[in-house]
Amino acid sequence: MSKQKKPDQVVFNEATQNYDAALKPYATNVGAPAIEVIDATTWKNKNIYKANKQIQAKYLELKAEYDKMMDELAYNNLVYNARFNFEPIIGETYHLYKDKNDEPFLSIIAPKDCNFNYVGSFYLNSEQLWKKTQN
């Protein structure tokens, strides 16, 4: 059997030996509109920019939350490592000072009532965590 070359406008599948123009997902006749490749560079760049901005915003939120947690950890370590001779009560505010040897100590005396080197005021919450209060 001799192989006869089909004209370009005829859609013939050599593998199945069938005419399959109707099965193609694109137009195959000569009068069909030309298939043009659309330049998607602008669309890609715009969406890459949006995605990067969104990811950067999420990163900054997470970083701020992490920094806040690290501050809370530092405050807890500072207060728990301070010297005090009483058992703090949950829900009460205490004041942290430094003595003449630069050692921290916790007190119930408010900063306005003494002349100690004031560091900050801290509130003991129900989870036994020290939260810095705004002065």
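The values are calculated or read from the model by the stated rules, or taken from the named source; none is laboratory data. Keep in mind it's a predicted model, so treat the numbers as computed, not measured. A quick note on method: Cβ atoms are made from the backbone with ideal geometry, for glycine too, and the neighbour counts reach across all protein chains shown. These accessible areas exclude ligands, DNA and RNA; they are computed on the full protein's heavy atoms, side chains included. Shrake-Rupley method; radii C 1.70, N 1.55, O 1.52, S 1.80 Å.
Here are the numbers:
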{"item": "Fully extended contour minus Cα-Cα distance, from Ala64 to Ile48, at 0.36 nm per residue", "result": "3.4 nm"}
{"item": "Total lysine pairs under 16 Å (Cα atoms) in the range 1-112, excluding pairs fewer than 8 apart on one chain", "result": "5"}
{"item": "Compactness index (Cα Rg / 2.2 N^0.38 Å), the range 45-89", "result": "2.06"}
{"item": "Pairwise label distance in nanometres, Ala74 with Thr133, each label 7 Å out on the Cα-Cβ vector", "result": "2.2"}
{"item": "Cα lying deepest toward the dipole's positive end in the chain, options Tyr26, Asn125, Ala110, charges on Cβ", "result": "Tyr26"}
{"item": "Exposure ranking of Leu62, Leu106 by accessible area [1.4 Å probe, largest first]", "result": "Leu62, Leu106"}
{"item": "Fraction in percent of alpha-carbon pairs per bin - 5 Å, the range 7-72", "result": "3, 13, 11, 10, 7, 7, 7, 7, 7, 7, 6, 5, 5, 4, 2, 0"}
{"item": "Loop-located chymotrypsin sites (Phe, Trp or Tyr not before Pro) in the range 27-97, at most 12 other Cβ atoms within 10 Å (DSSP)", "result": "Phe86"}
{"item": "Candidate residues Glu65, Glu127, Glu72: accessible-area rank, largest first, probe 1.4 Å", "result": "Glu127, Glu65, Glu72"}
{"item": "Stretch in the chain that is longest and holds no trypsin sites (Lys or Arg not before Pro) that DSSP places in a loop and that have at most 13 other beta carbons within 10 Å", "result": "6-99"}
